[in-house]
Amino acid sequence: GAVVSQHPSRVICKSGTSVKIECRSLDFQATTMFWYRQFPKQSLMLMATSNEGSKATYEQGVEKDKFLINHASLTLSTLTVTSAHPEDSSFYICSARDRQGAAFGYTFGSGTRLTVV
Amino acid sequence: LAKTTQPISMDSYEGQEVNITCSHNNIATNDYITWYQQFPSQGPRFIIQGYKTKVTNEVASLFIPADRKSSTLSLPRVSLSDTAVYYCLVGESNAGNMLTFGGGTRLMVKP
């Protein structure tokens with residue numbers, strides 16, 4: 001089946017620095033990828049939709065200048081948390097949609113635990 | 001996307017059958033019903049998807065009544081490793097829209 005690789009799985013960074021998270025579709029091409037954020041004991045909240053070759057679409061309340069998304073190829077989307085602060089500490093998860101648009105086409109990465117100290 | 005309502009939590013014991021019901025009163029004609037499982041610090045994992053009646057795979061069954069306003073995920077003979085959060089999602093998955101997650105059901109399987 002479709003596999004989405006997310007890296008790193010855990011990262012600790014100092015306040016004010018930037019962190020890049022990668023999301024790769026390993027065995028299929030993904031024209032669309034989604035980025036979610038999940039706080040402890042809460043559900044996944046969609047942050048943005050990443051489209052290959054075009055600008056990402058951000059959900060209301062998500063700062064596009066803080067959460068930079070790049071989807072330069074059909075297999076890679078990156079999320080960069082710029083000038084991270086402790087309140088950005090969270091679990092970030094990406095999801096990729098199979099380019100063929102199959103009904104079962106949503107596959108999730110394993111997530112990235114970001115801790116800002 | 002149709003909003004879903006699930007119980008916040010459920011408890012069960014090993015070996016029992018667990019049924020988790022999801023309400024989706026505003027489901028549209030083209031919407032599918034999909035269930036995901038999430039373990040702590042992991043991404044959601046696809047369990048099962050259906051449109052109507054009954055769907056069964058190697059891990060679960062999905063029961064959908066004729067009006068499709070609800071669905072029930074059935075996990076046969078649960079084990080401790082089935083302790084997780086289960087999400088019911090409804091949407092036109094073929095349209096490429098994002099998945100909107102509701103609160104999910106936190107299932108605790110006890111020995």
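A short reminder: the numbers here are calculations on the coordinates, not readings from a lab. Predicted model only: the values in this text are computed from it and were never measured. Cβ placement follows ideal geometry from the backbone for every residue including glycine, while neighbour counts extend to all protein chains displayed.
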For chain A, size of Cβ-based charge dipole, Lys and Arg +1, Asp and Glu -1, in debye: 180 debye
Once the dipole of the protein assembly as shown is set up from charges on Cβ (+1 Lys and Arg, -1 Asp and Glu), the residue from the list A:36, B:21, B:78 lying farthest towards its positive end is A:36
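Across all directions of projection, what mean area in square nanometres is found for the Cα convex hull of segment A:1-106? It would help to have the intermediate numbers written out before the result.
On the way: hull surface 27.5 nm².
Result: 6.9 nm².
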If the rule is a partner Cβ under 4.7 Å, which cysteines in the protein assembly as shown fail it? A:13
Quick check for me: using +1 on Lys/Arg Cβ and -1 on Asp/Glu Cβ, what's the dipole size of the protein assembly as shown about its Cα centre, in debye to the nearest 20? 180 debye
May I ask you to list the trypsin sites (Lys or Arg not before Pro) in segment A:13-60 that are in a DSSP loop and have at most 10 other Cβ atoms within 10 Å of their Cβ? A:14, A:41
Using a 10 Å cut-off on Cβ to Cβ distances, tally the other chain neighbours for every residue of A:87-93 and report the average as a whole number. 1
Could you tell me the calculated FRET efficiency between residue A:110 and residue A:43, based on Cβ-Cβ distance and R0 = 25 angstrom, to the nearest 0.05? 0.90
May I ask you to list the lysines whose Cα is less than 21 Å away from that of residue B:52, ignoring any residue fewer than eight positions away on the same chain? B:3, B:69
Across the residues of A:30-39, average count of Cβ atoms on other protein chains within 10 Å? 2
For the protein assembly as shown, build the charge dipole from Cβ charges (+1 Lys, Arg; -1 Asp, Glu) around the Cα centre, then report which of B:48, A:69, A:108 sits farthest towards its positive end. A:69
Under a 10 Å cutoff between Cα atoms, tell me which one of B:74, B:23, B:41 has the largest fluctuation in the Gaussian network model of chain B. B:41
Cross-link reach list, lysines versus residue B:110, counting only Cα pairs under 21 Å and skipping chain neighbours closer than eight places: A:41
Test item: B:43-49 mean partner chain Cβ contacts at 10 Å: 6
